[in-house]
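One structure is given below, encoded as structure tokens.
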Amino acid sequence: MNVTLKIRDFDDPTFDPFTVFDDSFGRHVDSPYPELAELGKQARVHPHEYRTLFGLAPDVTTADMPHFTVLGYELVQQIYSHPQIYSNKIFERMLGPGFGRTVTTMDAPEHTRYRRLFQQAFMPNVIARWGDGIVQPVADELVGSFMARGSADLVKEFTSLYPFHIIYRQLGLPPDDRQIFHKLAVALTVAGTNVEKAMEASAKLGAYYGALTEMRYERPGDDLVSLLTKIEVEGERLPKEILISFLRQLINAAGDTTYRATSNLLVALLTHPEQLDAVRRDRSLIPQAIDETLRWECIVMTGFRMALQDTELDGVRIPAGSAVEAVNGSANRDASRYSDPGRFDIFRKATSRHMAFAYGAHVCIGQHLARLEMTRALNSMLDRLPNLRLDPDMPPPRIFGCTMRHPEHIYVKFDA
């Protein structure tokens with residue numbers, strides 16, 4: 001890394017995007033599932049913006065669009081399965097001001113063209129190399145920082161740091177500037193309430209990543225940026241604009257979601273100690289524990305699409321240009337697909353594929369890396385924190401939020 005390459009903080013360095021972001025996803029909501037179940041009994045398609053159903057302010061980027069909230073597994077799957085009707089172009093409004101032209105904002109054939117290039121960076125052999133060379137060392141370092149103490153807050157001391165430290169190493173970013181990168185990355189996602197700050201963050205990250213990619217084109221290393229500059233499929237490479245937009249989005253797409261998913265996995269197992277003991281004894285149960293967690297506590301509750309034409313969904317007319325919100329959380333707790341859906345059970349017989357990573361053409365490209373990171377995190381804790389359990393003298397973990405879900409603290413004890 002050239003030491004002269006420096007990221008710039010906000011013009012107002014006191015701006016706190018973390019609080020803005022946490023407040024925007026419904027900190028006051030303990031659980032959206034009872035209300036979603038009640039709404040589902042009334043109708044599966046509601047002519048309202050999802051956020052407003054829980055008392056949150058509307059998203060300013062889509063304020064001029066009709067909104068429809070869609071519940072239940074069948075209809076959510078239908079939306080994701082028909083991109084020719086339900087388009088990702090809505091993200092040009094929602095994410096475009098911050099991220100730029102990412103693959104998330106694209107439909108086929110453009111989306112297909114660029115996604116196949118990015119997929120080369122997330123092949124099993126590449127992910128396996130990251131697992132041994134980056135993921136495991138980060139997991140061990142973080143656990144090692146508190147393992148001698150006998151107690152910890154696993155959110156503040158592990159999950160909120162873990163995936164971000166992995167990404168910083170993958171990108172080869174300077175350690176001293178990690179907090180600024182994180183601030184700017186989170187600010188990209190607050191365009192729904194503060195477009196000005198999102199655009200400032202976008203410009204500063206864009207300038208940094210633009211200079212970084214130029215350096216990697218000229219002097220490639222073994223980091224992710226270098227890999228992306230070299231990827232080629234049938235003679236085509238990633239345009240610099242698309243690559244920079246992907247890098248802007250990466251810290252949120254890969255870091256924030258994995259932080260929440262890993263936190264939820266730990267809460268699920270620690271609050272069901274008999275299932276935690278089963279996993280401790282038999283690590284082959286970890287994949288199904290991860291999948292059940294992703295179903296039981298959906299990280300990203302809704303997926304957004306825009307209707308490209310007048311259409312009808314479950315008897316409700318949806319005009320062209322409408323914002324359509326597929327509620328992944330309601331699909332994952334649909335009683336017609338899952339028996340006793342509110343119960344966490346790693347031994348549940350899988351009957352339907354959960355929607356935590358969405359579905360169809362835009363299914364999460366980094367899902368295999370997320371699973372690997374969650375697996376390595378859990379194994380590291382079970383190996384190095386004997387008798388891991390909730391701390392009975394501290395408040396129990398509370399998973400909250402209506403658009404994103406995670407706990408603020410996980411207080412634990414273990415044998416030092």
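The values are calculated or read from the model by the stated rules, or taken from the named source; none is laboratory data. A quick note: this is a predicted structure, and the numbers were derived from the prediction, not measured. Positions of Cβ are backbone-derived with ideal geometry, glycine not excepted, and every protein chain shown enters the neighbour counts.
How many of the residues in segment 264-298 are surrounded by fewer than 24 Cβ atoms within 10 Å (Cβ to Cβ) and either over 20 Å from the mean Cα position of the chain (by Cα) or modelled with pLDDT under 95 (or both)?
16
Which is out of contact with any strand residue (DSSP E or B) (no Cβ under 6 Å at 6 or more places or on another chain), aliphatic (A, V, I, L, M) and in a loop (DSSP other than H, G, I, E, B), of Ala320, Ala350, Ala289?
Details: Ala320 fails: out of contact with any strand residue (DSSP E or B) (no Cβ under 6 Å at 6 or more places or on another chain); Ala289 fails: in a loop (DSSP other than H, G, I, E, B).
When all the criteria are applied, what remains is Ala350.
Quick one: Ile134 ticks every box in (1) surrounded by fewer than 17 Cβ atoms within 10 Å (Cβ to Cβ); (2) outside any loop (DSSP other than H, G, I, E, B); (3) over 18 Å from the mean Cα position of the chain (by Cα) except a single one, so which number is it?
(1)
Working only within segment 165-192, note down all residues that are in contact with a Leu (Cβ under 6 Å, 6 or more places away or on another chain) and crowded, with 24+ Cβ neighbours inside 10 Å.
Correct list: Leu184 only.
Kindly indicate whether Leu228 is assigned to a helix (DSSP H, G or I), under 22 Å from the mean Cα position of the chain (by Cα) and in contact (Cβ under 8 Å) with a residue 12 or more places away in the chain. Walk me through how you get there before you give the answer.
On the way: assigned to a helix (DSSP H, G or I): yes; under 22 Å from the mean Cα position of the chain (by Cα): yes; in contact (Cβ under 8 Å) with a residue 12 or more places away in the chain: yes.
When the stated conditions are applied, Leu228 passes them.
Against the conditions (1) in contact with a helix residue (DSSP H, G or I) (Cβ under 7 Å, 6 or more places away or on another chain); (2) crowded, with 17+ Cβ neighbours inside 10 Å; (3) not in a loop (DSSP other than H, G, I, E, B), where does Phe18 fall short? Just the number, please.
Against the list (1) in contact with a helix residue (DSSP H, G or I) (Cβ under 7 Å, 6 or more places away or on another chain); (2) crowded, with 17+ Cβ neighbours inside 10 Å; (3) not in a loop (DSSP other than H, G, I, E, B), Phe18 comes up short only on (2).
Out of segment 85-131, which residues are touching a Ser or Thr at 6+ places or on another chain (Cβ under 8 Å), not in a helix (DSSP H, G or I) and not acidic (Asp, Glu)?
Quick first cut of segment 85-131, residues touching a Ser or Thr at 6+ places or on another chain (Cβ under 8 Å) only: 85, 88-102, 107.
Those still in the list that are not in a helix (DSSP H, G or I) too: 85, 95, 100-102, 107.
Listed by number, the residues that qualify are Ile85, Leu95, Gly100, Arg101, Thr102.
Of everything in segment 379-402, what is of a type in the set (S, T, N, Q) and surrounded by fewer than 19 Cβ atoms within 10 Å (Cβ to Cβ)? Give them in sequence order.
Filtering segment 379-402 down to residues of a type in the set (S, T, N, Q) leaves 379-380, 387.
The answer is Asn379, Asn387.
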